[in-house]
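Report on the structure given below.
The values are calculated or read from the model by the stated rules, or taken from the named source; none is laboratory data. A quick note: this is a predicted structure, and the numbers were derived from the prediction, not measured. Neighbour counts are summed over all protein chains in view; Cβ atoms, including those assigned to glycine, are modelled from backbone coordinates with ideal geometry. These area figures cover heavy atoms from the full protein model, side chains too; ligands, DNA and RNA do not enter into them. Shrake-Rupley method; radii C 1.70, N 1.55, O 1.52, S 1.80 Å.
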Amino acid sequence: MNLVAFSIRTKGLSNFSRRLWTVFTRFGVTPGPTRRALFSIVDGLRRYDAAPTFFIPATVLRRNPGVIAEVAGSGAEIGVHGYVHNDYRSLTRTAQLEQTRRAISVFDDVKMPHHGFRNPYLGWTEDSVGVFAELGFAYDSNEAVLHDVIDTAALAAAIRDGYEKSLALFQAIPCSRYTLRPHIEGALVRVPTSIPDDEMLFDRLRLTDAGQVGAIWSEVLRRVYILGGIYTLNLHPERGILCRAALDALLATASAQPLPVWIARIGDVAGWWRERRATTLTVTPDGAGRWCVAVNGSPRASVLARGVAVVGTPAEEWGDDLLRIAARDFTVEAERAPVVAVTARTPDEVRDFLAEQGYPVVTVVTASDDDDHNSACVVDLPGGLGATRAEQIARRAALVDQVEGSAAPLVRLALWPNRYHAALAVSGDIDSITVQDFFLRILEVR
Ligand SMILES: [Zn+2]
C-alpha cells in the first residue's frame, strides 16, 4: 500500500488534505526550515545540559547527510527509523531483516553512529525485536504507553474517531509503574515511548495553541514523576518551532519537581538500564532483626529503603517514605526481612523479572515458610507471567504494584542513576527534511 492510501486509511481523507497543506508550510526545498526546527529543539534542551534523540529513515539521511551530521555534532543522538518510511507490520521477518541491514549500511556509509531503532508508525512486531537484536542494535523505542490525559468523551465524534484510529495504529499499551520502565528482551533494551504525540494533539485533536500542548505534556510529566518512570516525548521536528513554547513548559515542569528528573537521550537511558541490570543487590541475615545489604556493580546505582533503620551509614530522606543509601555495603534493622520472597513453585522467569526491577529476591518453600528471611512480601505465582504479551504486561504490572504498594520492609535498587527519581527523554522522528523527501516517500514505500 502506498503512503497516500495508507494515510487515507489511517487518517481519513480530510485529515490527509490538511496534512498536504501543512507539508508546504513546514518543509522547504532546501534543508533550511527543518534545520531551524531541529536546532530549536536542540537549543531548548541545551539550557538544561541535555540533548534530544532523533530517528530518521536511511534514505532521508542519505539525501541530507550534512544537516544531520551538524545536528549530531551538537550532541543529539541519531537513531534509525527504517530504510524507508514503511510499516514493518506488512513485512515478513526476512524482509524486515533485509531492510534493516540496508538501513545500517547507509548509516555506516555516511559514518553516522547509531544504537537505536524506532519503527515508522511505531509498527513493530515480535519479529522486529529479534531482527534488531540480531543486527546489533542496543535498543528500540516503540512500545507506546498511553497517557490518559484527553477527555475523549468530550470530543466531537469525527475527532474521537480519528484519535481512536491513532491508538490502534500505535498499538497503545496501558500506563503503569511497570510500563513506564525500560526492560530487556533477549539482547535488546526496550525503552517505552508515549502517546498522545504531537501529531495526535495537533492534527487529530486540532489543538492550535502551544500553551495547551505544554499543559498536557506537563501533566503527563507530573503523572510519570509520581510513578518514578520515564516519559519519552515524541515530538516530530517538523513541529519543532510550533512546539518550542510547549517544550520549554515541559522542561520547566521537569526541573521544578522536588526530586531531580534525569533529562537524557534514549541511548543513554538504554545504556544505564543494561548497567543497572548487571548490578546485583543481596540481603543476608546478620542476627535477629538485622540484615547485611550489598550492592555489586554500577557505581551509579543506589539503594532505596522503606520500613527499615539504616545502621552506621548515611541515609538521605527520599520523597515521603523512603531512604536513599549510596553506600555499597551496609546494615539495616527491620522487623521482617527487606526482600521479596518467591515461592519455590513459582517459575524462574518471575524471579528474573523481579531481579530486573531491582528487588532482592529469595526463594522460600511455601508462602508461609518461616525461615531466616521471613519476608512480609511474598510472591506466589505458579502460573508464571502468562502466555500472550498482553497477559505478561498485565501480570508484570500487577507484580510491581504489589511489591511497591506493600508496606513491608524492603530495600531495592533505585530505578535511575545517581540522584535521579524519574526520567524524561525528548525524541523526534525526522520523517522528511525537504518537500522532496515528503513526496519521495510515496515512491520509496512502493
Ligand atoms: Zn515516522
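Of all residues in region 240-254, those being more than 19 Å from the chain's Cα centre (by Cα) and within 14 Å of residue 47 (Cβ to Cβ) number 5.
Counting only residues that are surrounded by 24 or more Cβ atoms within 10 Å (Cβ to Cβ) and out of contact with any Asp or Glu (no Cβ under 9 Å at 6 or more places or on another chain), how many does region 236-246 have?
Step one: filter region 236-246 for residues surrounded by 24 or more Cβ atoms within 10 Å (Cβ to Cβ), giving 237-240, 243, 246.
From what is left, the residues that are out of contact with any Asp or Glu (no Cβ under 9 Å at 6 or more places or on another chain) are 240.
Within region 236-246, residues that are surrounded by 24 or more Cβ atoms within 10 Å (Cβ to Cβ) and out of contact with any Asp or Glu (no Cβ under 9 Å at 6 or more places or on another chain) number 1.
Take the residues in region 167-212 that are polar (S, T, N, Q) and in contact (Cβ under 8 Å) with a residue 60 or more places away in the chain; name whichever of them is surrounded by the most Cβ atoms within 10 Å (Cβ to Cβ).
Filtering region 167-212 down to residues polar (S, T, N, Q) leaves 171, 176, 179, 193-194, 208, 212.
If we keep only those that are in contact (Cβ under 8 Å) with a residue 60 or more places away in the chain as well, we get 176, 179, 193.
Details: 176: 18, 179: 21, 193: 23.
Only one residue fits best here, namely 193.
Which of the residues that make up region 247-259 are touching a residue at least 40 places away in the same chain (Cβ under 8 Å), open to solvent by less than 50 Å² (accessible area, probe 1.4 Å) and either in contact with a helix residue (DSSP H, G or I) (Cβ under 7 Å, 6 or more places away or on another chain) or not aliphatic (A, V, I, L, M) (or both)? Even if it seems obvious, please write down each step before you answer.
Going through region 247-259, the residues touching a residue at least 40 places away in the same chain (Cβ under 8 Å) turn out to be 247-248, 250-251, 254-255, 257-259.
Narrowing further to those that are open to solvent by less than 50 Å² (accessible area, probe 1.4 Å): 247-248, 250-251, 254, 257, 259.
Across region 247-259, the qualifying residues are 247, 248, 250, 251, 254, 257.
Every residue, every condition in (1) under 30 Å from residue 262 (Cα atoms); (2) among the β-branched types (Val, Ile, Thr); (3) part of a helix (DSSP H, G or I), yes or no:
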{"site": "376", "(1), (2), (3)": "no, no, no"}
{"site": "385", "(1), (2), (3)": "no, no, no"}
{"site": "392", "(1), (2), (3)": "yes, no, yes"}
{"site": "395", "(1), (2), (3)": "yes, no, yes"}
{"site": "400", "(1), (2), (3)": "yes, yes, yes"}
{"site": "404", "(1), (2), (3)": "yes, no, yes"}
{"site": "408", "(1), (2), (3)": "yes, no, no"}
{"site": "411", "(1), (2), (3)": "yes, yes, no"}
{"site": "417", "(1), (2), (3)": "yes, no, no"}
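Scanning region 87-122 for residues that are open to solvent by less than 50 Å² (accessible area, probe 1.4 Å), closer than 20 Å to residue 442 by Cα, within 22 Å of the chain's Cα centre (by Cα) and within 15 Å of the ligand (Cβ to nearest atom) yields a total of 7. Checking each residue in region 296-311 for being out of contact with any Pro (no Cβ under 6 Å at 6 or more places or on another chain) and either at pLDDT below 95 or open to solvent by 10 Å² or more (accessible area, probe 1.4 Å) (or both) picks out 296, 297, 299, 304, 306, 309, 310, 311. On the stretch given as region 327-350, residues that are in a helix (DSSP H, G or I) and either open to solvent by less than 40 Å² (accessible area, probe 1.4 Å) or among the aromatic types (Phe, Trp, Tyr) (or both) total 1.
Residue under question is residue 356, and the condition is that it be open to solvent by 10 Å² or more (accessible area, probe 1.4 Å) and touching a Gly at 6+ places or on another chain (Cβ under 6 Å); does it hold? No. In the condition set (1) more than 17 Å from residue 55 (Cβ to Cβ); (2) open to solvent by 10 Å² or more (accessible area, probe 1.4 Å), residue 129 is compliant with all but (1).
Only one residue in 249, 215 is at negative phi and out of contact with any Ser or Thr (no Cβ under 6 Å at 6 or more places or on another chain). Which one? It would help to see each step written out before you state the result.
Details: 249 fails: out of contact with any Ser or Thr (no Cβ under 6 Å at 6 or more places or on another chain).
Selected residue: 215, the only one of 249, 215 that is at negative phi and out of contact with any Ser or Thr (no Cβ under 6 Å at 6 or more places or on another chain).
Go through 269, 293 for me and flag whichever is open to solvent by less than 20 Å² (accessible area, probe 1.4 Å) and within 20 Å of the chain's Cα centre (by Cα).
Working: 293 fails: within 20 Å of the chain's Cα centre (by Cα).
Only one candidate passes the filter, namely 269.
Residue-wise test of (1) in the same structural domain as residue 75 (by TED's automatic domain parsing); (2) within 16 Å of the ligand (Cβ to nearest atom); (3) acidic (Asp, Glu).
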| position | (1), (2), (3) |
| --- | --- |
| 380 | no, no, yes |
| 392 | no, no, no |
| 398 | no, no, no |
| 433 | yes, yes, no |
| 437 | yes, yes, yes |
| 440 | yes, yes, no |
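Looking at region 73-86, which of the residues that are surrounded by 17 or more Cβ atoms within 10 Å (Cβ to Cβ) and away from the ligand (no atom under 12 Å from the Cβ) is farthest from residue 106 (Cα to Cα)?
As a first pass, look at region 73-86 and keep what is surrounded by 17 or more Cβ atoms within 10 Å (Cβ to Cβ): 76-86.
Going one step further and asking which of them are away from the ligand (no atom under 12 Å from the Cβ), we end up with 76-78, 83.
Working: 76: 19, 77: 16, 78: 13, 83: 8 Å.
Ranking the qualifying residues of region 73-86, first place goes to 76.
Considered as a group, the residues in region 204-225 that are assigned to a helix (DSSP H, G or I) and among the aliphatic types (A, V, I, L, M) include one that is nearest to residue 242 (Cα to Cα), and that residue is 210. Would region 215-222 turn up any residue that is among the hydrophobic types (A, V, I, L, M, F, W, C), assigned by TED's automatic domain parsing to the domain that holds residue 194 and either over 30 Å from residue 114 (Cβ atoms) or modelled with pLDDT under 95 (or both)? Scanning region 215-222 turns up at least one residue that is among the hydrophobic types (A, V, I, L, M, F, W, C), assigned by TED's automatic domain parsing to the domain that holds residue 194 and either over 30 Å from residue 114 (Cβ atoms) or modelled with pLDDT under 95 (or both). Every residue in region 123-136 that is more than 16 Å from the ligand (Cβ to nearest atom) and either polar (S, T, N, Q) or touching a His at 6+ places or on another chain (Cβ under 8 Å) (or both), please. Passing the criteria: only 125.
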